[in-house]
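J.: Take a look at this one; I'll ask things after.
The values are calculated or read from the model by the stated rules, or taken from the named source; none is laboratory data. Owing to the predicted nature of the structure, the values given are computational and were not obtained by experimental measurement. Positions of Cβ are backbone-derived with ideal geometry, glycine not excepted, and every protein chain shown enters the neighbour counts. When the accessible area is computed, the model is the full protein with side chains, heavy atoms only, and any ligands, DNA or RNA have been set aside. Shrake-Rupley method; radii C 1.70, N 1.55, O 1.52, S 1.80 Å.
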Amino acid sequence: LCRDFGRAQTSVADVFASGEPSARQLGELVEFCKANGITTIFAEELASTEVSKTLAEEVGAEVKAIYTMENAEDGLTYLARMESNLKEIYESLAG
């Protein structure tokens, strides 16, 4: 997807490895988002969205929920979850 839309993927997994990010880590995320014009913060459907909401508020972005692929949330199939995720991602990139 990144290649097709001319984007680069950046992971914040290390930030959340030990729970919620520290104030310093959140500040670094805010600076990264501002510097890179981030307009959408994707949050996993089953995870707490409080940090994502805080980050989005700080940078003027919106939060969109996406499904994880390892759990059959809402009783949806893998393909239905992937289709939903792709729709959310596409809409955020096209908008």
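J.: May I ask you to list the residues in segment 1-39 that are in a loop (DSSP other than H, G, I, E, B), hydrophobic (A, V, I, L, M, F, W, C) and at pLDDT 80 or above?
T.: Residue satisfying the conditions is ILE38 alone.
J.: Of all residues in segment 40-92, count the ones that are more than 18 Å from GLU20 (Cα to Cα), in a helix (DSSP H, G or I) and open to solvent by 90 Å² or more (accessible area, probe 1.4 Å).
T.: Result for segment 40-92: 6.
J.: Give me the pairs: first residue in segment 65-79 and closer than 21 Å to VAL51 by Cα, second residue of a type in the set (A, V, I, L, M, F, W, C) and not in a loop (DSSP other than H, G, I, E, B), beta-carbon distance under 6 Å, and six or more apart or on different chains, which are they?
T.: Once the first residue is closer than 21 Å to VAL51 by Cα and sits in segment 65-79, its partners that are of a type in the set (A, V, I, L, M, F, W, C) and not in a loop (DSSP other than H, G, I, E, B) give ALA65/ALA43; ILE66/PHE42.
Okay, residues lined up against (1) out of contact with any helix residue (DSSP H, G or I) (no Cβ under 8 Å at 6 or more places or on another chain); (2) of a type in the set (Ser, Thr, Tyr); (3) at negative phi:
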{"site": "LYS53", "(1), (2), (3)": "yes, no, yes"}
{"site": "LYS64", "(1), (2), (3)": "no, no, yes"}
{"site": "TYR90", "(1), (2), (3)": "yes, yes, yes"}
{"site": "ALA94", "(1), (2), (3)": "yes, no, yes"}
